[in-house]
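Notes for the one structure printed next.
The values are calculated or read from the model by the stated rules, or taken from the named source; none is laboratory data. Note that the structure is predicted; figures quoted are calculated from it, not measured. Reconstructed Cβ throughout: ideal geometry from the backbone, glycine too, with neighbour counts over all protein chains shown. Heads up: the accessible areas ignore ligands, DNA and RNA and are worked out on the full protein's heavy atoms, side chains in. Shrake-Rupley method; radii C 1.70, N 1.55, O 1.52, S 1.80 Å.
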Amino acid sequence: LQAFRYKFITEEFIEFLRAEAKENAEEELDGCIDMMYVILGYCYLRGWDVHEAWYRVHAKNMAKERVPANDQRARSPWDVCKPIGFKPGSF
C-alpha cells in the first residue's frame, strides 16, 4: 500500500508539472490540491499526526531568514536559510 501511495504521489506531481509547462493556472491549482489530498491520505495511512507536524514545521520555516544576495548560499533573490543556531525539530 505504501508503494502504491508513493506512485500515486509521483503521478500527481507529474500532472502538476505538465500543467505548469502549459502555463495553465487552473490545472496547476487542481494538481496542487490533488497532491495535497494524496499526500494527506498517505500521512493518514501512516498514522502520522499531520496537525502537530504542520505546526512544528511551520514554526521552523517561519524562523528562516532572507539570504543576502552576496551570500554564497543564495540560489535566488527569494532564498531563505536557517538562522544561526538552528536546531532541527523532531516528531
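Below is a table of values for the structure above.
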| item | result |
| --- | --- |
| Exclusive hit being at pLDDT below 95 and surrounded by 13 or more Cβ atoms within 10 Å (Cβ to Cβ), set K60, K87 | K60 |
| Subset of segment 8-41 [open to solvent by less than 80 Å² (accessible area, probe 1.4 Å), under 14 Å from the mean Cα position of the chain (by Cα) and not hydrophobic (A, V, I, L, M, F, W, C)] | T10, E12, G31, D34 |
